[in-house]
Amino acid sequence: MLGLAYWWVAARWFPPQAVGLGSAAISAMMLLGTVCIVGLGTLLVGELPRQPGKEGSLISAALIIVGGIGGCAGMVFAVVAPFVAVDFQTLRASIVDIVLFASGVSLTAITLVLDQAMIGLLLGELQFWRNTLFAVAKLAALFAASLWLSHSVGLTIYTTWAVGNALSLAALVGVAVLKRGGFSRRDWPEWGLLRKLGPAALQHHLLNLTLQAPMLALPVLVTVVLSATTNAWFYVSWQVAGFMFVVPTIILTVLYATISGNPTALAQKTRLTLSLAFVASMVAAVVALFAARQVLGLFGQAYAEQAASSLRILPLGPFPIIIKHHYVAICRMQDRMACATLSMIVGGLFELGAAALGARFGGLPGLSLGWVAAAYIEAAFMSRTVYKAILLIDVPTRRTFPIHADPRGRILWP
């Protein structure tokens, strides 16, 4: 809700070119930040409960590493991106702009890992309050910028995002200092502990990255193929559609956790999550079909005119995405990470290629249609695995199959 409010303020008080460039820069920042955590978030979730007394040293070492990698990646992107799209020229307009973008990427990587560390420490409430403070702070900073700045550019919007991350991170560090009575020698980075990062953690990171990358890269693609102004129309419709995806996403997030501890419940849980996700997505698609112009009209008449057709198409995307996420959860449980990762890489490139082709011939509606069509083709290839998972349960009224598992708990398909 706070995210929608943020982009509502941006759309109402900033010019479309600034909104388009700001959203593209933020998408690039999120994508680079996700790449730069290099599996350390997954490592912390698993290792922190097994390393009592060493939590501080593990977390500090991980944050230093991802912060440094993120900063370097941000600098490289700010220098190279203008060669790909002229609209990114702002990122390297000065040393200050380059450092600003790099700092945003570094802070994003740090907060992503820190949020996962909070889960590993079973401190989910701190993660919730940090993200709430981040959302409120960036919204307040954006509103203040809209009132006080006479000249706004895309990096103005980007800066408010970085400011929100910095303030929420500072508040979390302050809470930690007060609770622990300050930092001690135990909190110094202990680099040797991080060598426990194994192939499994890197595989999970690569799979997560390939799963998220296409959706994070789409706004950047729109800016490169079309323009920053067009990306403003697209990004607002993308955010509204994303808000409609919330229920299916929440449902699918817990599927792997529930079936990993109880493989025999695979079919029952899969049928349940499929049903709930499809119903929620159907409701969202119907709302978008009939109320697209009215919803986008809240952001401004220009958004309703330029992006209504895109918003009517994008909510068709959750249906194949539901299949994709179920496929990934099943592959995780079966320890078929390499197969799933390869599928996600091929599928992600196909999605971006189809979106770029659609944009070339049909503008913004063509891009949206190309992405959705590619997602359905992917789902068609993955649906066989999901369908087999649905059948693996004893049901009195139908023919059933026995479930066999190896000593590690991985299901062997009949």
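The values are calculated or read from the model by the stated rules, or taken from the named source; none is laboratory data. The structure displayed is predicted, hence computed values, not measured ones. Using ideal geometry, Cβ is built from the backbone for each residue, glycine included, and neighbour counts are taken over all protein chains shown.
Quick notes
- Residues that are within 19 Å of SER168 (Cα to Cα), crowded, with 16+ Cβ neighbours inside 10 Å and under 24 Å from the mean Cα position of the chain (by Cα) are absent from region 86-97.
- Within region 81-97, the set of residues being touching a residue at least 12 places away in the same chain (Cβ under 8 Å) and either among the hydroxyl-bearing types (Ser, Thr, Tyr) or outside the structural domain of TYR158 (by TED's automatic domain parsing) (or both) comprises THR90 only.
- Residue match in region 142-149 (condition: out of contact with any Phe, Trp or Tyr (no Cβ under 9 Å at 6 or more places or on another chain), under 22 Å from GLN89 (Cα atoms), surrounded by fewer than 20 Cβ atoms within 10 Å (Cβ to Cβ) and not charged (D, E, K, R)): yes
- Pick from region 332-351, criterion among the hydrophobic types (A, V, I, L, M, F, W, C) and modelled with pLDDT under 80, ranking: farthest from VAL372 (Cα to Cα): MET333
- Residue list for region 213-230, restricted to those being in contact (Cβ under 8 Å) with a residue 24 or more places away in the chain and within 18 Å of the chain's Cα centre (by Cα): ALA213, PRO214, LEU216, ALA217, LEU218, PRO219, VAL220, LEU221, VAL222
- Filter result for the condition that a residue is within 16 Å of the chain's Cα centre (by Cα), in a helix (DSSP H, G or I) and touching a residue at least 12 places away in the same chain (Cβ under 8 Å), over LEU112, LEU133, LEU142, LEU126: LEU112
- The listed residue being surrounded by fewer than 16 Cβ atoms within 10 Å (Cβ to Cβ), modelled with pLDDT of 70 or more, out of contact with any Asp or Glu (no Cβ under 9 Å at 6 or more places or on another chain) and in the same structural domain as PRO15 (by TED's automatic domain parsing), out of VAL175, VAL279: VAL175
- Of all residues in region 354-401 being part of a helix (DSSP H, G or I), surrounded by fewer than 18 Cβ atoms within 10 Å (Cβ to Cβ) and of a type in the set (Ser, Thr, Tyr), the one that is modelled with the highest pLDDT: TYR376
- Residues considered: SER57, SER27. Of these, the only one that is more than 29 Å from GLN306 (Cβ to Cβ), in the same structural domain as ALA137 (by TED's automatic domain parsing) and either polar (S, T, N, Q) or assigned to a loop (DSSP other than H, G, I, E, B) (or both) is SER57.
- Checking every residue in region 198-216 against the condition of being over 20 Å from GLY41 (Cα atoms), of a type in the set (Gly, Ala, Ser) and at pLDDT 75 or above gives zero matches.
- Selection status of GLY20, buried (at least 23 other Cβ atoms within 10 Å of the Cβ), among the small types (Gly, Ala, Ser) and in a helix (DSSP H, G or I): yes
- Any chance ALA78 is under 19 Å from LEU209 (Cβ atoms), part of a helix (DSSP H, G or I), assigned by TED's automatic domain parsing to the domain that holds TYR6 and not β-branched (Val, Ile, Thr): no
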